Amino acid sequence: MRIACAQVLSGADPAANLDLVADYTERAAADGARLVVFPEATMCRFGVPLGPVAEPLDGPWATRVRAIADRAGITVIAGMFTPADDGRVRNTLLATGPATDAHYHKVHLYDAFGFTESRTVAPGFDPVVIDVDGVGVGLSTCYDIRFPALYTELADRGAQLIAVCASWGAGPGKLRQWELLACARALDSTSYVVAAGQADGGPANSSGAPTGVGHSLIASPWGEPVASAGPEPALLVCDIDLEAVATARQTLAVLSNRADFVQVGKAESRG
């Protein structure tokens with residue numbers, strides 16, 4: 001399966017960012033990719049009020065992404081913002097393409113490193129796996145990558161490839177953490193991980209909002225990078241061998257070898 005990872009630098013204008021989606025999607029399709037993964041906040045960068053930007057999943061921005069995916073004939077995963085019921089927004093991934101129209105609301109909100117995403121963003125609750133040409137593709141967003149249980153759950157639900165779409169915050173050690181965590185989650189789930197980040201746009205703005213560090217990568221089920229980008233905008237196109245997922249899950253059987261701690265505790269109490 002050929003996949004693409006679109007490391008773009010989103011601005012504050014959703015219409016202009018649609019041009020980026022169209023350009024990178026067309027290039028990915030021309031290179032034979034069946035899936036292209038864009039970062040979190042593709043619709044609009046962080047650091048501006050998100051309420052006025054957010055649109056429903058049947059609104060004009062998402063509708064335009066669907067048209068782009070339909071024209072290119074491939075599946076597109078891209079980050080956007082949708083309205084929540086309580087006046088906040090949801091940090092949403094739209095996944096659309098041939099026989100696919102799904103979404104994922106970010107579960108783990110970035111209340112860390114001095115930023116409080118939960119002030120303006122409401123959490124989601126449900127893991128999501130989509131089908132792309134018969135391949136299970138799990139969806140996750142940025143801070144989710146620090147929570148291994150989500151990735152093993154996605155694998156349990158059939159994911160062989162997991163997308164993590166991010167606008168990774170800069171700071172001491174943060175780039176190393178990004179690269180390390182992407183490879184670790186691939187090992188945890190014995191899945192390919194496509195870690196698509198916003199390109200490095202320079203110093204963060206005064207709001208402290210995460211604006212991206214670049215260095216998107218694709219990691220194998222063995223936790224090895226098989227493709228990577230630098231800080232600048234880039235399109236990674238990579239062939240992945242899905243047999244490697246089956247081999248890794250048979251050889252490094254962490255999914256099947258997991259202990260059920262509830263049952264272990266019950267056995268110990270009976271003893």
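Structure values in brief
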read-out: Criterion violated by Ala246 - all others in (1) assigned to a helix (DSSP H, G or I); (2) open to solvent by 90 Å² or more (accessible area, probe 1.4 Å); (3) at pLDDT 95 or above satisfied; value: (2)
read-out: Residue list for segment 125-159, filter: out of contact with any Phe, Trp or Tyr (no Cβ under 7 Å at 6 or more places or on another chain), open to solvent by less than 60 Å² (accessible area, probe 1.4 Å), in a loop (DSSP other than H, G, I, E, B) and not small (Gly, Ala, Ser); value: Pro127
read-out: Residues being open to solvent by less than 70 Å² (accessible area, probe 1.4 Å) and either in a strand (DSSP E or B) or touching a residue at least 40 places away in the same chain (Cβ under 8 Å) (or both) - total across segment 84-105; value: 13
read-out: Residue selected from segment 160-199 under the condition among the basic types (Lys, Arg) and over 13 Å from the mean Cα position of the chain (by Cα), by the criterion least open to solvent (accessible area, probe 1.4 Å); value: Lys174
read-out: Residue within segment 61-71 that is open to solvent by 10 Å² or more (accessible area, probe 1.4 Å), among the polar types (S, T, N, Q) and closer than 18 Å to Val194 by Cα present; value: no
read-out: Filtered residues of segment 210-243 (kept if in a strand (DSSP E or B) and within 18 Å of the chain's Cα centre (by Cα)); value: Leu217, Ile218, Ala219, Pro225, Val226, Ala227, Ser228, Ala234, Leu235, Leu236, Val237, Cys238
read-out: Subset of segment 26-60 [free of Cβ contacts under 8 Å to residues at least 24 places away in the same chain and crowded, with 21+ Cβ neighbours inside 10 Å]; value: none
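The values are calculated or read from the model by the stated rules, or taken from the named source; none is laboratory data. If you're wondering where the values come from, they're calculated on a predicted model, not measured in any experiment. Positions of Cβ are generated from backbone atoms using ideal geometry, with glycine treated the same way; all protein chains shown enter the neighbour counts. In case anyone asks, the SASA skips ligands and DNA or RNA and just uses the protein heavy atoms, side chains included. Shrake-Rupley method; radii C 1.70, N 1.55, O 1.52, S 1.80 Å.
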